[in-house]
Amino acid sequence: MSENLDERYVGIVLDPIRVCARYRPQMGHGRQGGFSLAEFQQLYRKDTFYGWFGLDNPLMYTAHKAAGGMTSVYRQIGIGCEALFRQILRDQLGLSDSDVDWSYTISTSDDRTRRLSLDARVPLEGVRDRAVRRRVLAWLTKAAKRLDIDSQVSSTLRGAVFEVRQGYKSKDSKRQNADIANAATAYTKAYLPCVVVLSTQIDDDICNRYRMERWLVLTGITSSASELESTYAFMHKVIGFDLAGFFERNKEVFRSEVDSVLRLLLCPE
């Protein structure tokens, strides 16, 4: 891989993370730009009850800033990795923007339409290199067998759609139900649904539920050579990009940026 490509990919991951350095808590008011320390203290000092407890303390502001900011760090890492995943698919498989995008519309109870989407798509017809297409097709066939999908269904698969996460430990049933609905729709469009988790941080119950609903779940294990279990084995063997190697080469850059963001979040101003 060229250094220029590495540099471009690093930028895709880091740009969203840098946004976290500007995080300010909104204190439940949805205020654009959040509250500064002085504004926070002014808000709380006007509240008699909070004043009795001294909640205008700068340490309280720092706690709010750190809690919300660190949630934002996780979220922005995920956003950066989603964008990186899509770009790698474009570069390695020769896919266009429209190839990689996948969405569909549904009708709501009030007779409106709503557009839903997943993070990425690999349509077989968009992969022009025959050897690469055969490789992706072989993976699809093995994945369908792993999920115990009927052969008459698996033989019609046109590709795969992906939900990309840095980790998945939330028990949000609404999010899970939406993903399950996405999977059902994906199968009706002849796409195999796949969850790609970059870390090993996924709740066991969630993982099991998704697999029961015929999602292929790939996680961030680096010890497995199976492209049906490991995100990194899948990226290397099927997509043709050593994603683990990329993160390993650039880990000091990522660590330094996150360290800088966290230090800013742990200071009152």
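The values are calculated or read from the model by the stated rules, or taken from the named source; none is laboratory data. Computed from a predicted model, the values in this text were never measured in an experiment. With ideal geometry, Cβ positions are generated from the backbone for all residues, glycine too; neighbour counts draw on all protein chains shown.
Please determine whether any residue of segment 153-161 is assigned to a helix (DSSP H, G or I), closer than 22 Å to Arg214 by Cα, in the same structural domain as Arg211 (by TED's automatic domain parsing) and in contact with a Gly (Cβ under 8 Å, 6 or more places away or on another chain).
no
When you scan segment 156-205, how many residues do you find that are within 20 Å of Phe247 (Cα to Cα) and of a type in the set (Lys, Arg)?
Within segment 156-205, residues that are within 20 Å of Phe247 (Cα to Cα) and of a type in the set (Lys, Arg) number 1.
Yes or no: segment 69-82 includes at least one residue that is over 30 Å from Arg133 (Cα atoms), basic (Lys, Arg), at pLDDT below 95 and in the same structural domain as Ala186 (by TED's automatic domain parsing).
no
Give me the pairs, please: first residue somewhere in segment 174-198 and not assigned by TED's automatic domain parsing to the domain that holds Ile79 and crowded, with 20+ Cβ neighbours inside 10 Å, second residue anywhere and basic (Lys, Arg) and not in a helix (DSSP H, G or I), beta-carbon distance under 6 Å, and either six or more positions apart or on two chains.
Between residues of segment 174-198 that are not assigned by TED's automatic domain parsing to the domain that holds Ile79 and crowded, with 20+ Cβ neighbours inside 10 Å and residues that are basic (Lys, Arg) and not in a helix (DSSP H, G or I), the close pairs are Val197/Arg165.
Among the residues of segment 211-227, which ones are out of contact with any Pro (no Cβ under 9 Å at 6 or more places or on another chain) and either buried (at least 19 other Cβ atoms within 10 Å of the Cβ) or without any contact (Cβ under 8 Å) to a residue 24 or more places away in the chain (or both)?
Hits for segment 211-227 are Met212, Val217, Leu218, Thr219, Gly220, Ile221, Thr222, Ser223, Ser224, Ala225, Ser226, Glu227.
In segment 18-115, which helices (runs of 4 or more DSSP H) lie fully inside it and hold 3 or more residues that are closer than 28 Å to Phe254 by Cβ and of a type in the set (A, V, I, L, M)?
Result: 58-93.
Of the residues Cys20, Cys81, which single one is of a type in the set (A, V, I, L, M, F, W, C), within 24 Å of Lys174 (Cβ to Cβ) and buried (at least 20 other Cβ atoms within 10 Å of the Cβ)?
After applying the criteria, what remains is Cys81.
Answer yes or no as to whether Val261 is at pLDDT 95 or above and either outside any loop (DSSP other than H, G, I, E, B) or surrounded by fewer than 17 Cβ atoms within 10 Å (Cβ to Cβ) (or both).
no
Scan segment 3-22 and tell me whether some residue there is of a type outside the set (Val, Ile, Thr) and over 22 Å from Gly80 (Cβ atoms).
no
Considering segment 203-224 alone, what residues qualify as being assigned to a helix (DSSP H, G or I) and of a type outside the set (Phe, Trp, Tyr)?
Scanning segment 203-224 gives Asp204, Asp205, Ile206, Cys207, Asn208, Arg209, Arg211, Met212.
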